[in-house]
Amino acid sequence: MKKNLSIYYGLLSLTVLVQVVLTVFTLSQNIGYGQKISYLENKRENIAVEKNQISQELAQIIAIKKLEQTENDGFIPISDVISVNRDSSNLALK
Amino acid sequence: MNQSRKNIFFLVFYLFLLLIVVRLFYWQIYKSQELREASESQTLRQLKNQGLRGQIFTSDGYLLVGNKRVYDLKLDKKNFQGDQGYLAYKLSEIALQDNWQYQEADPFDNKLKEELRKNIEQEIITKFSSKGNWPKLLDNLSENSKKKVEALNDKYLFFDENYERFYPEASMAAHLTGFVGRDENANEIGRYGIEGALEDELKARSENHLLKMDALGFILAGQKYESKNLNGRDITLTIRRDIQNLIEKKLEQGIEKYQADRGEIIVMDSKTGKILALAAWPSYKQWQYFKYDGEVLKNPSLTRLYEPGSTFKTLTIAAGIDTGVINKETVCTKCSGPRQIAGYSIKTWNDQYNPNISMIAGYAKSDNTAMMFISDLLGTDRLVSYLKKFEIGNRINIDLQDDTRTPFPEKIGPVETATISFGQGISTNSLELVRAINTIANRGKILEPIIVDKVFDQQKQEEITTQIKEGPQVISEETAKTVTEMMIEAALHGEAQWIASDKYTVAAKTGTSQIPDPNGGYKENETIASFVGFAPASNPTFTMLVKLENPKSSPWAAETAAPLWYSVADKLMILLNINPDK
């Protein structure tokens, strides 16, 4: 009778232990899962913001009005035209 | 004895059990709602997802209207213990860089700069004393300004992120894009142009999720959470950036050169009806819409009605030829002097008359009596029926706000029939006229102008392309061909012959129309000069209208709108890669 009781309580304790371990494990998994979702969501949002910012900067750089402005800023009219012909004494090719 | 002890024990035991059951009932049934609420208030969090408003692109893939991140600056007033005056001064210096008045001012005008800074400083000081623990000190700060504020290292300052419309191409195509304003509840809403017409497509969606979270703000498992793309639909217009830029510059130069009050240029693909560019002047900056008069914000190509004048003769000619009442060599037997109709004397534009003039010459010379001759032969009903087939008075069916029907004369007597034949006494808008004239370029079939090329649905990741909207055959192909020949003749030997191109054929017509006076009759010294046509006439690629209101250098279209038309057309030939046909 005593032996049977020991086996009964032993099994019962083992079951409770397994249950406790499983519960702790599942909960930790759950917390990790929630953290992972939050982390990925955050990352996704940051990447979207970054992408938007890059495309915005790109659009600004290649804007036709800006390109024209740069073109005009860099334009230096030729004030003193030097014609070079084959007879020029300083022609390097000579 | 033993038995009674046992009974007492069990009685106590069962009473104890009953107590537990009652207590459980109390907590789990009676108090369940209260407990659940208490628990949820600790774990349930509302997560708001907000998408971005759809972007607008040109057909060649350039961003025309996008979204820019901006920041609102808030102060933790309750805990802030620093010097408010100093903080207001530093913030005003930073915010000044984002102020539009400062950006537009003369960079050397230090007095104005100081005045604007002081205004901002004063506004900030006022906000310090406002109600609430988190007053918003500044709004819509740029990324740069945010960094400068962060450099102040003030732990009581916080930022709220926000988005506003961004225009990398500055005010390009303002009348097409429209702008984003605010409704009566201060919510963002698109106004005018594409922003107004396609508000439902463009607007950002938002979603609220109620989720259980732990103390650190992480989502607890077992809940379905799906983050969706909530951005509005992206719109790609039919306009080309280079062509739009070209015509905007040309129009501005033309307005200055010919000293006009207003102007418009529309370029349409003759074979598809796609608007390649549309410019109107005066224009506005979309991000400063509040500075402009309401009239400037509207697209004049839809809202500004005018009497088209001689450009309208093309439709009368087309109706006459299509019904067979005339051909291009028909001789006008009523062109030797002014026409007397119902007590009115109707003259030609220069009061010169050409007896027995042919229709082709009459059209080239823009002879009003020749047009009245055609309307006599046609009769009112047939003329009106053709104008309706050309969709004069009908809305454009374009995705732009303010696209409505234009008034078509209700009672048309003999005088109205006569004046309508040469474009007076009937009003239209520029897009209607371009649509009608393009019918001739498109071999007699009407094409509805299109401004939206495609729409990209972010949720479904699906692209919806706009189909070409070809309407019925208005005039026969043969008639269209004959009218084209007459338009070529008008361009070569009409009033604008001095500017005609020697590289490509043009089928076009000038129009110098009078402006109705609100007090009756027409204004004495003001005209609307227009030139409409297509090129190359042998294989039309583009149809273009140039319209100048009240040009003061000359009232005549041949000396104002026509040279501007040709100067744009010369560039279009290159941009559209068209081979010269002469």
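Since every read-out is calculated from the coordinates, none of them should be taken as a lab result. Keep in mind that this is a model prediction, so the values were computed, not measured. Please note: Cβ atoms are built from the backbone with ideal geometry, for glycine as well, and neighbour counts cover all protein chains shown.
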- Message: Yes or no: segment B:432-444 includes at least one residue that is under 27 Å from B:Q244 (Cα atoms), touching an Asp or Glu at 6+ places or on another chain (Cβ under 6 Å), without any contact (Cβ under 8 Å) to a residue 40 or more places away in the chain and not in a helix (DSSP H, G or I).
- Response: yes
- Task: Within segment B:273-310, work out how many residues are over 13 Å from the mean Cα position of the chain (by Cα) and not in a helix (DSSP H, G or I).
- Result: 12
- Query: What are the residues in segment B:527-547 that are within 20 Å of B:W349 (Cβ to Cβ) and among the β-branched types (V, I, T), if any?
  - Reply: B:T527, B:I528, B:V532, B:V546
- Test set (1) closer than 23 Å to B:G273 by Cα; (2) over 22 Å from the mean Cα position of the chain (by Cα) - B:D399 fails condition number: (2)
- Residue list for segment B:1-54, filter: within 30 Å of B:I450 (Cβ to Cβ) and in contact with a Ser or Thr (Cβ under 9 Å, 6 or more places away or on another chain): B:G51
- Might you check whether a residue that is under 26 Å from the mean Cα position of the chain (by Cα), assigned to a loop (DSSP other than H, G, I, E, B), surrounded by 20 or more Cβ atoms within 10 Å (Cβ to Cβ) and not aliphatic (A, V, I, L, M) occurs anywhere in segment B:365-378? no
- Message: Name the residue that is nearest to the other protein chains (Cβ to nearest Cβ), counting only residues in segment B:144-163 that are in contact with a helix residue (DSSP H, G or I) (Cβ under 8 Å, 6 or more places away or on another chain) and not hydrophobic (A, V, I, L, M, F, W, C).
- Response: B:S145
- Which of the residues belonging to segment B:169-196 are closer than 24 Å to B:G263 by Cα, in a loop (DSSP other than H, G, I, E, B) and not acidic (D, E)? B:A170, B:S171, B:M172, B:A173, B:G178, B:Y192
- Query: Which residue, of B:L52, B:L44, is closer than 30 Å to B:K147 by Cβ and touching a residue at least 24 places away in the same chain (Cβ under 8 Å)?
  - Reply: B:L52
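Name the residue, out of B:A170, B:A204, that is in contact (Cβ under 8 Å) with a residue 60 or more places away in the chain, within 14 Å of chain A (Cβ to nearest Cβ) and on the phi > 0 side of the Ramachandran plot.
The match here is B:A170.
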- Note on the structure: Note on B:S427: of the conditions (1) touching a helix residue (DSSP H, G or I) at 6+ places or on another chain (Cβ under 9 Å); (2) hydroxyl-bearing (S, T, Y); (3) more than 16 Å from B:G320 (Cβ to Cβ), unmet is (1)
- Note on the structure: Condition set within 11 Å of another protein chain (Cβ to nearest Cβ) and free of Cβ contacts under 8 Å to residues at least 12 places away in the same chain, scope segment B:225-276, selection surrounded by the fewest Cβ atoms within 10 Å (Cβ to Cβ): answer is B:E226
- Task: Can you tell me which residue among B:K74, B:K78 is under 30 Å from B:L137 (Cβ atoms), more than 14 Å from chain A (Cβ to nearest Cβ) and surrounded by 16 or more Cβ atoms within 10 Å (Cβ to Cβ)?
- Result: B:K74
